[in-house]
Structures are given as C-alpha cells and as structure tokens.
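K.L.:
Pasting in a structure now, in structure tokens, and then I'll have a few things to ask.
The values are calculated or read from the model by the stated rules, or taken from the named source; none is laboratory data. Given the structure is predicted, the values throughout are model-derived calculations rather than measurements. Please note: Cβ atoms are built from the backbone with ideal geometry, for glycine as well, and neighbour counts cover all protein chains shown. Quick note on the areas: whole protein, heavy atoms, side chains included, nothing else; ligands and nucleic acids left out. Shrake-Rupley method; radii C 1.70, N 1.55, O 1.52, S 1.80 Å.
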Amino acid sequence: MSLDPFPYRLIATDLDGTLLRGDGSVSPRTRAALAAATAAGAAHIVVTGRSVPWTRHILEDLGYEGLAICGQGAQVYHAGERRLLTSLTLDRQVAGRALALLEAEVGALELAVSRDGLDGEVLASPGYAVHDGPLPYVALNDESELWAAPVNKIYIQHPTLDDDALAEVARTTVGALVNVVMAGPGIVEILPLGLSKATGLSVAARRLGLRAADTIAFGDMPNDIPMFGWAAHGVAMANAHPDLMAVANETTASNEEDGIAVSLERLLATAVGTAPTAGVPNPARPVEAAPAADGTDPVDPVR
C-alpha cells in the first residue's frame, strides 16, 4: 500500500503556550515532528501575537526561513529574507478615542504599545506590569511618547478587572472602533478593527498557493479563535483557554507535553489510506477566507 501525503498542506502554530514550552524553548520531539511533516509535503507557518522583534530570535533558533505572521496578523514577515512583506498599523486617533471611551467606563488603564517595523520597540508606561523574561521593552515616564511613532497595537491592563472581564468590557464599549483580544495572562490588546491572526494567515497562505481547507492550526488562547474559524481543523492545547477549547475540533496534550508533536505524529502514522480530516470544514469557520482588516477580500499587496 502506498503512503498518502501528509493530510494537510499547511500547519499553522501559535508560539506562546503552544509551540513554545514555558521556558521559551521548542522541544526536540516537536522539532522532529515538524521536520517530518514538512518533509512529507506540509508548509509550517508561525502565527503569533508577538511583533517581529520579539519573534525573530525564535525563528532563527528553529532555522525557520519561511513566512511568519506576527503582531496578531498585522505583520507578514519573510524570515529567510529578514524583511516585512506587509504591515498594518493602528490609527492613533482612533486608538486615543477608544481608550478615552474605555477609561470613562472602567477608570484609568495602564498602557504599553508595540511600535511598527522590523526593530519596533515595545514601550510601557510606569504602571504597566511587564512579564518577567528576556523580551526587551522601554520604560517611559512621559506617556505622550507612546504616540510618537506608528504602532501595531496597544496593550491594556486594569488594576482590578481580570483579563477576561477587561477584554469583555472593552469589546462591549469600543468594539465598533477597534478589535480587542485576550492573548495570554495579563495580555489584553487593542488592534485595528477587523485584524486577526486569520487575516494575516489568509494573506500568507495565498502567497503559498494554499487555502483554509489545506490548514491545520494549533493554539491556546482566545486570540487564536479566528485562526481556528478560518482553518479546516483547529487543535487546542490541553492548557488552552476554555473559549478556544469550545471551538476546537480536538484537544491535544499541553505545550509542556509536546502536544503539537503528539498530533503530528498521529497524522504521520495514519497517512496510509484515506486522509482522516483534510478539507473537512471546521464548524467554527463561517467563511472560506478571512476578511481583510478593511472588510474586503484579502489580497497580497506585495505580489
């Protein structure tokens, strides 16, 4: 009996809580499983909320030379060529209006911003609780500097509201102006309206001649919900947020237990006979392709 090719032509993986272990590394087992899947004909695309400067060192460690979706879909980055193919910024006047409306509802917020570009800095106001770790940021005493250059997104924190509550009230209050996502513990973000991981992934997939029906996606947080809605098959990590588990096609092991490898190894092992799930629509997926940030059909502005 001849082997069928790997049942998906595109593997989309989130980074934090998904591809990365808690110490920020990618396990040898997961590296081997991704290598085997790509050798069997699949493309691998990293899809992360991190901006390019916070992602580049991980891609280099992986020897990754393909496309990566960064900044919650705002940036399509060519790792091999070390250049941005697309980049979408947040209108700062719209963002300022949204923040004013939100603060009128919940009180003062602590803010940080991710500046646009290959070397865009993350700037944090004095009260913003920055996660411990190696990712660089600039502490500011003058909040007017937050708006001094183009930004991809704004991080918001509240002294009493938890992440889910803050994200929910933000969506209710300013969801007509901006997109709001919860991307991880202590990470609630304001993005350009209509932007999501799905919009960036759709653009990158089209550059590769691939479609939603070719895609299996792995994630762990609510910001991965649009990506799961776009992909043919969504796999939530065991450590995933309940909102993502609710729309996933299946759950795998946690990021600490090589959940991506567990799923890929199973698919590789069953690549004999009929491919088990390729092209089967995800019930969470409302349309074949994600809309662009302006509501139009996504096109590649570089091609």
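K.L.:
Hey, rough spin-label estimate for Thr270 and Ala32, points 7 angstrom out along Cα→Cβ, what's it come to in nanometres?
P.N.:
2.2
K.L.:
Return the whole-Å distance between the Cα centroid of the range 210-233 and the Cα centroid of the range 129-176.
P.N.:
25
K.L.:
Here's something else I'd like to know. Could you tell me the extents of the range 65-136's C-alpha atoms along the three principal axes, largest first, rounded to whole Å?
P.N.:
Principal extents (largest minus smallest coordinate, Cα): 45, 29, 15 Å.
K.L.:
Would you mind calculating the gained length between Glu105 and Asp23 on full extension (0.36 nm times residue separation, minus the Cα-Cα distance), in nm to one decimal?
P.N.:
25.8 nm is the gain from fully extending Glu105 to Asp23.
K.L.:
Please get the size of the charge dipole for the chain, origin at its Cα centre, with Cβ charges of +1 on Lys and Arg and -1 on Asp and Glu, quoted in debye to the nearest 20. Before the final figure, lay out the partial values.
P.N.:
Values: 20 positive and 37 negative charges, 211 e Å.
I would put it at about 1020 debye.
K.L.:
Here is a follow-up. Could you work out how much longer the chain between Met245 and Leu208 gets when fully extended? Use 0.36 nm per residue separation minus the Cα distance between them, nm to one decimal.
P.N.:
Working: separation 37, 0.36 × 37 = 13.32 nm, distance 2.84 nm.
Value of the extension gain: 10.5 nm.
K.L.:
Next up: How big is the convex hull of the Cα atoms of the range 120-266, per residue, in Å³?
P.N.:
150
K.L.:
Right, next: Given a 1.4 Å probe and every protein chain left where it sits, what share in percent of the accessible area of the chain is carbon and sulfur? Could you put the intermediate results ahead of the total?
P.N.:
Working: 6830 of 12720 Å².
The computed percentage sits at 54.
K.L.:
Sticking with this one: Taking the solvent-accessible surface of protein heavy atoms with a 1.4 Å probe, what is the per residue accessible area of the chain in Å²?
P.N.:
I get 42 Å² per residue for this part.
K.L.:
Out of Ala32, Val47, Val106, whose Cα points farthest toward the positive end of the dipole of the range 3-109 (charges: +1 Lys, Arg; -1 Asp, Glu; placed on Cβ)?
P.N.:
Highest projection toward the positive end goes to Ala32.
K.L.:
Using helices alone, what [θ] at 222 nm do you get for the chain, with -39,500 (n - 2.57) per DSSP H run of 4 or more residues, divided over all residues and rounded to the nearest 500?
P.N.:
-8000 deg cm²/dmol
K.L.:
Which GluC sites (Glu not before Pro) from the range 34-105 combine a DSSP loop assignment with at most 10 other Cβ atoms within 10 Å?
P.N.:
Glu81
K.L.:
May I have the extent of the alpha carbons of the range 1-147 along their three principal axes, as whole Å values ordered from largest to smallest?
P.N.:
Its Cα atoms span 66, 31, 29 Å along the three principal axes.
K.L.:
Now a separate question. Please compute the modelled spin-label separation between Ala149 and His57, points set 7 Å along Cα→Cβ, answer in nm with one decimal.
P.N.:
1.9
K.L.:
Next question. Below 12 angstrom from the Cβ of Leu84, what's the summed charge of the other residues (Lys, Arg +1; Asp, Glu -1)?
P.N.:
So the environment of Leu84 carries a net charge of 0.
K.L.:
From the Cα trace of the range 223-264, what convex hull volume per residue do you get, rounded to a whole Å³?
P.N.:
Convex hull volume per residue, Cα atoms: 61 Å³.
K.L.:
Moving on to the next point. Among (1) -0.33, -0.51; (2) -0.55, -0.81; (3) -0.42, -0.62, only one was calculated for this model; which label is it, if the read-out is log10 I(q)/I(0) by the Debye sum over Cα atoms at q = 0.08, 0.10 Å⁻¹?
P.N.:
(1)
K.L.:
Can you list residues whose amide H is under 5 Å from His44's amide H, if they're 5+ apart or on another chain and H is modeled 1.01 Å from N?
P.N.:
Sorted by chain and number, the residues that satisfy this are Ile11.
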